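Inspection log for the structure reproduced underneath, given as structure tokens.
Here, each number is a calculation from the coordinates, and none is a lab measurement. Computed from a prediction, not measured in an experiment: that's the story for all the values here. A quick note on method: Cβ atoms are made from the backbone with ideal geometry, for glycine too, and the neighbour counts reach across all protein chains shown.
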Amino acid sequence: MSSVSLEAVQKTFGKTTAVNDLNLTIHEGEFFTFLGPSGCGKTTTLRMIAGFYYPTIGTVRFNDKDMTTVPPEKRNTGMVFQNYALFPHMTVFENVAFGLKVRRLPRADIRKRVISVLSKVRLGHYSDRQVSQLSGGQQQRVALARALVVEPEILLLDEPLSNLDARLRDDMRSEILRLQREFGITTIYVTHDQVEALSMSDRIAVFNFGVCQQVATPEEIYNKPANDFVAQFIGETNVMPASLIYKDEHHAVFKLEPAGQKIKVKKTNCHISQDKGHLALSIRPEGVNILKQHCEGDNIFKGKVVFIQFTGALFHTHIKIDKHLIIRATQLNTEANISFNTGDDVWVHLPQENVRVVPKIEVTANA
Amino acid sequence: MRNPEKRKTVYLLIPIAVILIGYVLYPALSTLFESFQNKGAVTIANYTDFFSAKTSSNLIALWHSVYISILSVIISAIIGMTLAFIFNKYNFPGRKLFSGIAIMPIVLPSLVGVMAFMFLYGEAGLVPNAIKDLFHLKDIPFKIGGITGILIVHAYTMYPYFYMTVSSALNNIDPSLEEAAYNLGAGRWRVFWEVTFPLLTPALIAASLLVFMVSMASFSAPFLLAGGYRVLSLQIYFSKMNGNLDMAATQSIILSVVSIAFLLFMRWFQNRKDYRMANKGIGAHQSEVNHPFMKIVMVTIGAIGMVILLLPHATILMMSLVPQGAWTWQTYPTKFNFENFVLLFQDPEILHPLKNSLVISFIAVLGDFIFGMITSYVLVKRKFIGKNLLDILVMIPWALPATVVGMNLILAFNHASVFSLGKILVGTFWILPLAYFIRFIPLVVRSTNAVLEQLDDSIEEAARSLGAKWFYTFRRIVMPLILPGVLGGTLLAFVQAVGEFPTSVLLYTLDNRPISIEIMNQLRMFNTGQAAAYGMIQVVLIAVVLFISNKYLGVKSENTL
């Protein structure tokens, strides 16, 4: 088991910068996720840790050892590929045994360890099958077994669930997590699926355009996004450009742009130095209250229901405040909430403790 | 170098580059230099000679070559496309059999095919004479020779290029594309011209290119059938035989320029548009032919076609069974036995050329196998500067007509050089294996490229990350996975090498003369039975190899071109 640290890592391909000035430390035994849209640099970073790419600038360390230019076969990492990359000319057993054979273990040991790991991934009876005879989920588990059997320092998973159907994905999610806890192995997981990231990880690094936007626990990422990109990428949110007009020791008041509504925010939610460029307010749909009657108070605006979507447990409602601002709200399907229709006049309440102030990052790179 | 992978690439590249530069580029440049030499001076005199009106024979030959090539493309396209459509779009009794027979011309090596056509339709040919006797005519009603002869042979041997590429393209067209067009209200005619036909463009371009280049390079057909008709590939041979190496070099350069210009034109034409299917076709449907009259017509046409297509094979087989002396002045052969084949094992003089061909071809394709696999691996899986250049170098022997490849080797190795280890190679045994090796580099590299491109990079990466070194990975993972494809390409190269004529005729010596040369000798001595027996051996060899590659190596017949 190892920790991994990336120090000022940069990777360029020709003129494009895939990863820029990345500093990260992944602790021993941690389940760490790289999350981001496609082309954000997360897979490139993983491949630098695996040794398939070498950074243009910067250092990769396992524990304190400099691994920057060590070839992949000398890193002792276990990697699970998006397409599994099972060797098609070998049986399940031979696939799993490959890494041990390379390490020149005695035959009997190989046999013992392969059988033991195959039973751990619940494929004990499949060891003589050709890999092409297995289902997607089974192939996935062979790939995991093959990576785990060599007792790697670090387990690397590159979007391992993206080729599975939804039901299987749920099963494999808990399967991977179970194995990770059982082996207690440092794991780096790459995904573009926020649900996977939130539900599995100890910590998440959110990437966009080759830059790491935030590193934090899932709760922090969701509740305290570092900027408007993170807020929008993880979960649903309402992002409203705003500027500060007043603050005291408990509150701050912001003016929405361009229409000028004033919004009061708890001071604890805006530890952002305000000279840092543009700001935005973010509020999750589930944090928005919809009122049928006008009430006095802060952050209450009149609007018109323009869209209602029922998804079973939840109602999604879009409320138009003015021509610049549509607020999305999500409510639980309880009887009290179902009594309005498209076109109704309602009042939207944005509770000040649910509003978060985030810096607006200029999106400069082209997707 | 910070990157050990790059270092590995360089180590792999060095031997590849040495071989390509020494045996492909340097010989081609030798020819280019020679073409600017005249009586020891550097001049463009050869070119002015070539294009001057007073020795118009060269210009005429050039024109004839282009003319024949264009006509060959048109005729083969018409035959090949028609057959491809009939066999892939309609279902009628015997469809499978007929469509299998339709590719039979590819098992005839060009020289053997031409020989069969001479026996069948030539001056003393069986068909004209049979018709003469049948209808009690005074003279034979027709015979092939000159330009029509060449064109008929070309059409017969080259329409499979169109047939196979168009068939496979038709099967890859997603039927829902045509259905979508019908659904939008287009009629049959419109669907064909606006959907199906445009989607066939890449196939048609590829086939046209092949037929054009093969026709430009065609040597056996003009050699045996042309009579006084001059084509450029023959002119090179005659110039060389007359000892006029400067002119042979000049003619080689001009023939190559025309071929390569056409190649580049087709590449450009194809790259203007993207024809890739968004998703893979799911097997084309065939419409059933139900009308009983149409059914009979279809089957009859198929049966007649089958006879015409198989007649050359049957002729070679029959001729090979006619012992020497049993068919001299008679119209038809009088005696059949296995003497010609038995002689192979009794008379070492007769076995010798066969042994030569097999040994030389084996050495050559063994080289192609190793060199092709490594080169293809580097081209497909490695990144480096100058990859396009390497790609071009590899393809040069394919783009150059065989006669030119032969000339290049003569001009490069008729004197000692570094690449021949200080020896003169022309006139020795080793020049032929070298020539065959060079000729078939592109074939092996391309068939290996096809399988390597299918091999996902992550397979190799998985092995590396599990701790396997590069060479171990290559040996245990990459090689086993690509072996069928490489072997398929190599086997094909082998059978083609066994029948190789144009380079052999320029480079052979008495001791290492291969089958193709001996066939010519036997024909010259009117010993047709022995010539046909050699031919028959080649036909069987090719048929066996095609069968094996199809059945066990997963090589599709359309990839064999």
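Observations on the model:
- Other-chain or far-sequence residues with amide H under 5 Å of A:Gly41's (modelled H): A:Gly210
- Cα centre as origin, Lys/Arg/Asp/Glu Cβ charges: the stretch B:1-145 dipole, Debye: 640
- Nearest-ten-degree value, helix A:107-120 long axis tilted from longest Cα axis of chain A: 30
- For the pair A:Ala108 and B:Leu184, label points projected 7 Å from Cα toward Cβ lie 7.1 nm apart.
- Highest-fluctuation residue, A:Ser339, A:Ser201, A:Ser116 considered, GNM on chain A with Cα pairs under 10 Å: A:Ser339
- Ordered by the count of other Cβ atoms within 10 Å of each Cβ, fewest first, B:Arg475, A:Arg103, A:Arg203 give B:Arg475, A:Arg103, A:Arg203.
- Peptide A:82-90 - average C-beta neighbours from other chains (10 Å radius): 5
- Mean Cβ neighbour count within 10 Å, used as a protection proxy, ranking B:189-195, B:257-263 highest first: B:257-263, B:189-195
- Neighbour counts of C-beta atoms inside 10 Å place B:Ser287, B:Ser549, A:Ser5 in the sequence B:Ser287, A:Ser5, B:Ser549, starting with the fewest.
- Sequence-distant residues sharing a close amide H with A:Gln214 (under 5 Å, placed H): A:Val206
- Among the listed pairs A:Lys11/B:Lys387; A:Lys120/B:Lys469; A:Lys74/B:Lys387; A:Lys74/A:Lys112, those beyond 26 Å (Cα-Cα): A:Lys120/B:Lys469; A:Lys74/B:Lys387
- Scoring B:131-140, B:100-109 by mean Cβ neighbours within 10 Å over their residues and listing the highest first yields B:100-109, B:131-140.
- Cross-link partners of A:Lys302 among lysines, defined as those whose alpha carbon lies under 18 angstrom from its own and excluding same-chain residues fewer than eight positions apart: A:Lys255, A:Lys262, A:Lys264, A:Lys292, A:Lys320, A:Lys323.
- Taking label points 7 Å from Cα along the Cα-to-Cβ direction, B:Met104 and B:Val540 give a separation of 1.8 nm.
- Across peptide B:466-475, the mean count of Cβ atoms from other chains lying within 10 Å of each residue's own Cβ comes to 6.
- Packing-based exposure ordering (other Cβ within 10 Å, fewest first) of B:Val297, B:Val426: B:Val297, B:Val426
- Total formal charge among the other residues, if their Cβ is under 13 angstrom from that of B:Leu481, Lys/Arg +1 and Asp/Glu -1: -1
- Per-residue extension of 0.36 nm, minus the Cα-Cα distance of B:Ile424 and B:Lys383, leaves a gain of 11.0 nm for this segment.
- Applying the Karplus relation 6.51 cos²θ - 1.76 cosθ + 1.60 with θ = phi - 60° to the stretch B:81-87 yields 3J(HN,Hα) values of 5, 4, 4, 4, 5, 4, 7 Hz, where x marks Gly and Pro.
- If R0 equals 56 Å, the separation of the Cβ atoms of B:Tyr11 and B:Asp49 corresponds to a calculated FRET efficiency of about 0.75.
- Relative protection proxy for B:111-117, A:173-179, from highest mean packing down: B:111-117, A:173-179 (other beta-carbon atoms within 10 angstrom).
- Note on the protein assembly as shown: Kirkwood hydrodynamic radius from all Cα pairs is 33.6 Å, rounded to one decimal.
- Calculated from backbone phi, Karplus (6.51, -1.76, 1.60) coupling profile of the stretch B:56-65 in Hz, x at Gly/Pro: 5, 4, 5, 4, 4, 4, 4, 4, 4, 4
- In chain B, inverting the average of 1/r over every pair of distinct C-alpha atoms gives 25.6 Å as the Kirkwood radius.
- Under Karplus coefficients 6.51, -1.76 and 1.60, residue-wise ³J(HN,Hα) of the stretch B:409-422 in Hz, glycine/proline x: 5, 4, 6, 8, 10, 8, 9, 5, 8, 4, 6, 9, 6, x
- Those aspartates and glutamates that a straight Cα-Cα span of less than 20 Å connects to A:Lys304, excepting residues fewer than 8 apart in one chain: A:Glu257, A:Glu286, A:Glu296, A:Asp322, A:Asp344, A:Asp345
- Looking at the stretch A:10-159 alone, DSSP beta bridges between its own residues are antiparallel in about 65 percent of cases.
- A:Val19 long-range amide H proximity, modeled H, under 5 Å: A:Lys11
- Site pair A:Ala313 and A:Asp171 shows an inter-label distance of 2.2 nm when each label is modelled 7 Å from Cα along Cα→Cβ.
- Charge-dipole axis of chain A as Lys and Arg at +1 and Asp and Glu at -1 on Cβ define it, positive-most pick from A:Ala280, A:Phe32, A:Ser2: A:Ser2
- Taking a straight Cα-Cα cut-off under 23 Å and skipping sequence neighbours fewer than 8 places away in the same chain, the lysines within cross-link reach of B:Lys335 are B:Lys132.
- In a reduced charge model with +1 at each Lys and Arg Cβ and -1 at each Asp and Glu Cβ, the protein assembly as shown shows a dipole moment near 760 debye about its Cα centre.
- Cα long-axis angle, helix A:166-183 against chain A (0 to 90 degrees, to the nearest 10): 60
- Look at the stretch A:99-106: the mean tally of other chain Cβ atoms within 10 Å of its residues' Cβ atoms is 3.
- Taking the stretch B:371-404 and a reference point 7 angstrom along Cα→Cβ of B:Asn271, the backbone N atoms nearer than 13 Å belong to B:388-389, B:392.
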